[in-house]
Amino acid sequence: MARNIQSLERAAAMLRLLAGGERRLGLSDIASTLGLAKGTAHGILRTLQQEGFVEQDEASGRYQLGAELLRLGNSYLDVHELRARALVWTDDLARSSGESVYLGVVHQQGVLIVHHVFRPDDSRQVLEVGAMHPLHSSALGKVLSAYDPVAHSEVTEADRKAFTPRTVTGEREFEGVLDLIRARGWASDVEETWEGVASVAAPIHDRRRLPVGAVGITGAVERVCDGGELRSELVAAVRDCARAVSRDLGALRF
């Protein structure tokens, strides 16, 4: 029988530990749990980090799974419940709205795009699965920050960078934005992240009524907005899509 490669076994054990434990773990926790010397554990983590499989939080020094795992795992995403439940509804949303549709989840201090439906026209587009959107300025990020306690904690701890003159960065003003999102059930981004681009997003809940992701559309301001305001029919379409996915996940009241 062929002998297993010890370093690969240890790397796999680390990835399983990070996937099944807390959101972030320190070097000492990882080393002690796996019975490894700190130097050995650090060497493996450094290699995994260089390959994008592990990310390290700059402030705390703790480790968590990296987005590269998602990029390599697109075949798994096809059976991931959230994405699988959203496939039909996001396709319908793209057709009805005429805009790009994104499905995102909280990851580190941002939104990880786990599904992207192209705008249904002949324009050249780039698949953004695996891309990160900011929590504090994107519609997906703001709606997750409003409903997901983890996202809210991370966005308040993060440096809220001003991407455009419209980006809301002040703590009190930003909390006011989140209160408005909770009151109306959806979030907007009108040139707060990218000039000339507008988005609208709504939360997706599971059978426990917990927020598990968000869905939204993104397009040129002149198409998505009318007179400086988001088109009401697009807001309604996004909210209907989010409710449909939530119902498929067992959240019967959404």
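Once backbone amide H atoms are built at 1.01 Å from N, VAL111 has HIS133, LEU135 as its partners under 5 Å, excluding neighbours fewer than 5 places away on the same chain. Dividing the convex hull volume of the alpha carbon atoms of the stretch 4-72 by its residue count gives 89 Å³ per residue. Each 5 Å bin from zero holds the following percent of Cα-Cα pairs in the stretch 118-162: 5, 20, 22, 17, 13, 11, 7, 4, 0.
Taking 0.36 nm per residue of separation and subtracting the Cα-Cα distance, full extension of the segment from GLU58 to LEU87 would add 7.0 nm.
What you get for the chain, charging only the Cβ of Lys and Arg (+1) and of Asp and Glu (-1), is a dipole of about 860 debye around the Cα centre.
Along the stretch 151-157 the Karplus relation, 6.51 cos²θ - 1.76 cosθ + 1.60 evaluated at θ = phi - 60°, assigns HN-Hα couplings of 4, 4, 4, 6, 6, 6, 7 Hz to successive residues, with x for each Gly and Pro.
Among LEU127, LEU48, LEU87, the sequence by solvent-accessible area, most first, with a 1.4 Å probe is LEU127, LEU87, LEU48. Computed from the Kirkwood radius of its Cα pairs, the Stokes-Einstein diffusion coefficient for the chain at 37 °C and 0.692 mPa s stands at 170 µm²/s. Computed with a 1.4 Å probe over protein heavy atoms only, the accessible surface of the stretch 36-170 comes to 49 Å² per residue. The figure for MET132 is an accessible area of roughly 80 square angstrom, using a 1.4 Å probe on the protein chains alone. Here the label points at SER32 and ARG231, each 7 Å from Cα along the C-beta direction, are separated by 5.7 nm in the simple model. Only helices enter this figure: runs of n ≥ 4 DSSP H residues, each worth -39500 (n - 2.57), summed and divided by the residues of the chain, yield -13500 deg cm²/dmol at 222 nm to the nearest 500. Rounded if a/c is under 1.5, else prolate if a/b beats b/c, else oblate: with a ≥ b ≥ c from the C-alpha gyration tensor eigenvalues square-rooted, which is the stretch 135-254? Oblate, since a/c reaches 1.5 and b/c is not below a/b.
The values are calculated or read from the model by the stated rules, or taken from the named source; none is laboratory data. Every value quoted in this text rests on a predicted model; they were computed, and no experiment measured them. So basically every Cβ, Gly included, is an ideal-geometry build from the backbone, and we count neighbours across all protein chains shown. Surface areas here come from the heavy atoms of the whole protein model, side chains and all, with no ligands, DNA or RNA. Shrake-Rupley method; radii C 1.70, N 1.55, O 1.52, S 1.80 Å.
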